[in-house]
Amino acid sequence: MSIVRIVGIVLAVLGVVATVVPGWFGPLTRVPPPPAEVYALIESRVRGGMVLGVGLILIAVTSLRPWSTRIPSAIVYFMAGALVSRLFGIVVDGAVP
């Protein structure tokens, strides 16, 4: 297992933790805690999802060649991480009325 994949696993775990407990991730990014609005609570989880997406990129994309498939794959993994965290926020915090 390469060092890139190990870093990817660490980032993916950190992203999952930051998605589940967004208040823990706030001091690392120096962002004030979100207000009690449902939309703001869901959006506070997205930062963790982006870290999860970067971890997934490092796990799945092992080389940058060929560019035509690797770059779109990296974008898909990044957006999938943000989408998973947003869906988790909708399930946990409730939908915005």
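Nothing in this text is a laboratory measurement; each read-out follows from the coordinates by a stated rule. Not measured: the values here are computed from a predicted model. A quick note on method: Cβ atoms are made from the backbone with ideal geometry, for glycine too, and the neighbour counts reach across all protein chains shown.
Tally Lys and Arg at +1 and Asp and Glu at -1 over the other residues with C-beta under 12 Å from the C-beta of Leu52: what net charge comes out? It would help to have the intermediate numbers written out before the result.
On the way: positive: Arg45, Arg47, Arg86; negative: none.
Overall, the nearby charge balance is +3.
Report ³J(HN,Hα) in whole Hz for each residue of the range 75-92, in order, from the Karplus equation J = 6.51 cos²θ - 1.76 cosθ + 1.60 where θ = phi - 60°; Gly and Pro get x.
Here the 3J(HN,Hα) series is 5, 5, 5, 5, 5, 5, x, 5, 5, 4, 5, 5, 5, 4, x, 5, 5, 7 Hz.
Output the 0 to 90 degree angle, nearest 10, between the alpha-carbon long axis of helix 38-60 and the longest principal axis computed from the alpha carbons of the chain.
Approximately 10 degrees, to the nearest ten.
Net charge near Leu28: determine it from the other residues with C-beta under 15 Å of the C-beta of Leu28, scoring Lys and Arg +1 and Asp and Glu -1.
+3
For the range 14-97, what are the per-bin percents of Cα-Cα distances with bins 5 Å wide, up to the bin holding the maximum?
Calculated P(r), rounded to whole percents: 3, 17, 23, 20, 15, 10, 7, 4, 1, 0.
Can you give the helix-only mean residue ellipticity at 222 nm for the chain, where every DSSP H stretch with n ≥ 4 adds -39500 (n - 2.57) and the sum goes over all residues, rounded to the nearest 500 deg cm²/dmol?
My calculation for the chain gives -27000 deg cm²/dmol from helical runs alone.
May I ask you to derive the FRET efficiency for Glu37 and Val91 from their Cβ-Cβ distance with R0 = 22 Å, giving the value to the nearest 0.05?
0.80
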